[in-house]
Structure formats: structure tokens, C-alpha cells
1. Within the bounds of the range 188-200, is there any residue that is away from the ligand (no atom under 13 Å from the Cβ), of a type outside the set (Lys, Arg) and not in a loop (DSSP other than H, G, I, E, B)?
2. Within the range 21-30, track down each residue that is of a type outside the set (Lys, Arg) and either open to solvent by 30 Å² or more (accessible area, probe 1.4 Å) or not assigned by TED's automatic domain parsing to the domain that holds residue 60 (or both).
3. Which ones in the range 186-218 are small (Gly, Ala, Ser) and either within 15 Å of residue 355 (Cα to Cα) or over 20 Å from the mean Cα position of the chain (by Cα) (or both)?
4. Of all the helices (runs of 4 or more DSSP H) wholly in the range 62-172, which have at least 2 residues that are surrounded by fewer than 21 Cβ atoms within 10 Å (Cβ to Cβ) and within 16 Å of the ligand (Cβ to nearest atom)?
5. If I filter the range 20-29 for residues that are closer than 28 Å to residue 284 by Cβ and in a strand (DSSP E or B), do I get at least one hit?
6. May I ask you to verify whether residue 360 is surrounded by 15 or more Cβ atoms within 10 Å (Cβ to Cβ), modelled with pLDDT of 95 or more and on the phi > 0 side of the Ramachandran plot?
7. Please report, ordered by residue number, the helices (runs of 4 or more DSSP H) entirely within the range 231-347 with at least 3 residues that are in contact (Cβ under 8 Å) with a residue 60 or more places away in the chain and within 28 Å of residue 49 (Cβ to Cβ).
Amino acid sequence: MSLSEKYKHAAMSLQMVQPFESSRHVGWKSPSNIALVKYWGKREPQIPQNPSMSFTLSNSFTETSIEYSFYDKSGPKIHFTFEGKNESAFKKRIERFLESIIEYIPFVKQLELKIESVNSFPHSSGIASSASGMSAMALCLVSIENQLFGTLRNKSEFFEKASFLARLGSGSAARSVYGGFVVWGKHERLADTSDEVAVKVHVPGKDMWELGDAILITSSEKKKVSSSAGHDLMDHHPYAEARYEQAREHVPYLLEAMEANRDELFIRVVENEALSLHALMVNSNPGFSLMNNNTWSIVEKVRDFRKDTGIFMAFTLDAGPNVHLIYRKKDKVQIKKFIEEKIIQFCENGYWIDDEMGGGPVELN
Ligand code: DP6
């Protein structure tokens, strides 16, 4: 049975909320993640065309809290504020998200939800917030289910449903419900992997792979082309099949590189993933480019510095012009010096975010 069938079946006993008097509260702080092997291309219903692998961040997160009360008409009735303000575009996205998952959490129709969300990173920093935002929202919803019905007391079942729902809000959000390294998307050689939910992967020699992520902001402008539009362009992309195959090969390569401490392989895969993603954008139809001159300058500086010093570091990119510089936490002092001396001139107003691998979402009281 697929997870979608399992949750639809389970939802039959989640239809009727026993009326309750005063309002109740749930809240989650959920981090963003950075993909090392990229998800780019999907099919209905939000199924990835290839497996992806990321690590979860620590300092870039969304905090969402929901005060909910019993609603005796046909709901859900939603109020939404982002950083204290009514944001109608975000509210619409949340409403669409709830509609798309209502069959798995039908009880929300009998609820009035007051949702408040804040990000740790500036809204206009060019950092995508869908992974942290949608995962925080999904975690809150499964917490409500648990409070009302007690159905998700088992921790692994709780996070599995959160990942499943988060995925339907934004694919990359499925990976944010776990800390450390996470894989989303079925891979025949990796046990337990699934297209419907993300799974945590255990990496031996963990200390070596405690990673930092310096997020170098080269532009905070709104993207010309959204990720959703980019995913759609993969449908008729001439290199689509080759790309999906490449990603399928890259996931086990990366795990092998980490298991055997093969730094050169790790760097090759991670940087190739970033450049493949952007090459796919450039030669899609219509083509577009999200990298700018400063992005390229940073790429060159990273390559030169690595060659000169031998320090482990790799660049990667999201669907945008900002560079994520991945390094070992033990090298942080040298990396900071490198950024201050060679990189900061390419960052918009000298802005960068000092982030690192984190342990995953935290429940708020
Ligand atoms: C380049 O998860 O933002 O960051 O599922 O349409 O919400 P939707 O897309 P989204 O795509 C992320 C694309 C990426 C790579 C990745 O995170 O794997």
C-alpha cells in the first residue's frame, strides 16, 4: 500500500472533531536545507523525477505557531500573519496547501486556525523559505492531529506523516523534517527510500562530515523564474532523462565519498550538481539564467583557494544566484578569513549568512 493510500484510509477516523471550548496551541521551529544532489523535475502528485540528498541547516529557519479552536461551520477558517503582517500571497499559498492535503487531515474543516509565521533570515535575502515554511506548517498540522486524536504518538510515524504533508506543500520541504543528511526520492539501491517521504541517512565517520554552510548573498532580488516554473520546464527538456540518471548515480557516489572520506569525489559530485542544475535552466525552452557575475567570481575564487590551500570546500547553488560554501566546521576560522578577504566584495552589501548542519526541527511550547 502506498503511503498516500495508508493516510487516506487512516483519515476515515479523523473526520469528526469533538467540540472543545477554549483554543489550543501548537508550534514548530523548522530549518531550511541545502541540497547536495538536486531535485529538479517532478510529476503529479509532487513526485520527484530523481532522488535528491540534502543536509538540514540550523540558523535559517521558520517558526510557525497555530492557535486553533473548534469551528462549527464548514472550514477551515484561516487567519495568517507573516512577521506580524497580513501577507495575502502567503495566505493563498497556505490555503492551497491545506486544500491539497485535506483528504489526509479532514479534521481541519472543523477548525479555525490562527497561523503566525516568522523567518530567522530576512524575507528579502533571496533565501528560499518554502522548505522551512512548509515543513513548519506540516509539523504543526500533525501536532494538531496528535492533540485531537492521539494517532501519531510514535515518533517515527509522526515525522513520516509530517514529511509526507510537507512534500505536498513544497518538494524540498519533505527533507527539512529531519536533521543531518536526508534523502528524498526512491533509489533502488538505498533501503527505505521513497518518492512520498524523505528519510534520514546515517553517515559513518560523522565527525568528518559536520559541515558548515556560508550562504553568500550575491543578490536579494526576487527570482525571475520560480522553482515551480523551472520544474515544469524539465517536462520537455531534451536532457531530462540524462539528468535524472545523473542524479540517480550521484546519490550513492556521495554516500560512498562520505563513507570512505573521498573528499575529491564529494567535491566533484556537489559542484557538478550545482552546475548541472543551472545548465539545465540555461538550455531549457525558454532558457533562463539565475547566476550573475558575482556568482561566477565566487566559483572561481573557491576553486583557486582550494587549489592553493588544500582546504576542503565545495560550492553549491539553489535555484538562485547565491552561493552556498560548504566546508568542515573544524576549518571555520580559515574559511571566515577567506570570506572576509576574498569573497565579501562579491556579496550584496557584504551580506552572508553563517549557517551549519543542524539537528532538525524543534517543537515550540
Ligand atoms: C533547486 O522544493 O522549491 O532548491 O516542489 O515546486 O516547491 P516545489 O520546488 P522546490 O524546489 C527546490 C529546487 C532546488 C533543489 C533542491 O532543493 O533539491
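1. The answer is yes, given that some residue of the range 188-200 is away from the ligand (no atom under 13 Å from the Cβ), of a type outside the set (Lys, Arg) and not in a loop (DSSP other than H, G, I, E, B).
2. Scanning the range 21-30 gives 21, 22, 23, 25.
3. 191, 205, 212, 214 - these are the residues of the range 186-218 that are small (Gly, Ala, Ser) and either within 15 Å of residue 355 (Cα to Cα) or over 20 Å from the mean Cα position of the chain (by Cα) (or both).
4. Helices (runs of 4 or more DSSP H) meeting the threshold: 88-101.
5. Taking every residue of the range 20-29 in turn, none turns out to be closer than 28 Å to residue 284 by Cβ and in a strand (DSSP E or B).
6. yes
7. Those helices (runs of 4 or more DSSP H) span 240-259, 263-282.
Conditions (1) in the same structural domain as residue 139 (by TED's automatic domain parsing); (2) open to solvent by 80 Å² or more (accessible area, probe 1.4 Å); (3) touching a Phe, Trp or Tyr at 6+ places or on another chain (Cβ under 6 Å); (4) within 16 Å of the ligand (Cβ to nearest atom), marked per residue:
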{"position": "293", "(1), (2), (3), (4)": "no, yes, no, no"}
{"position": "317", "(1), (2), (3), (4)": "no, no, no, yes"}
{"position": "321", "(1), (2), (3), (4)": "no, no, no, yes"}
{"position": "331", "(1), (2), (3), (4)": "no, no, no, no"}
{"position": "338", "(1), (2), (3), (4)": "no, no, yes, no"}
{"position": "342", "(1), (2), (3), (4)": "no, yes, no, no"}
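The values are calculated or read from the model by the stated rules, or taken from the named source; none is laboratory data. These numbers were taken from a predicted model, which means no experiment stands behind them. In this analysis, Cβ positions are derived from the backbone assuming ideal geometry, glycine residues included, and neighbour counts consider all displayed protein chains. The accessibility values were calculated without ligands, DNA or RNA, using every heavy atom of the protein model including side chains. Shrake-Rupley method; radii C 1.70, N 1.55, O 1.52, S 1.80 Å.
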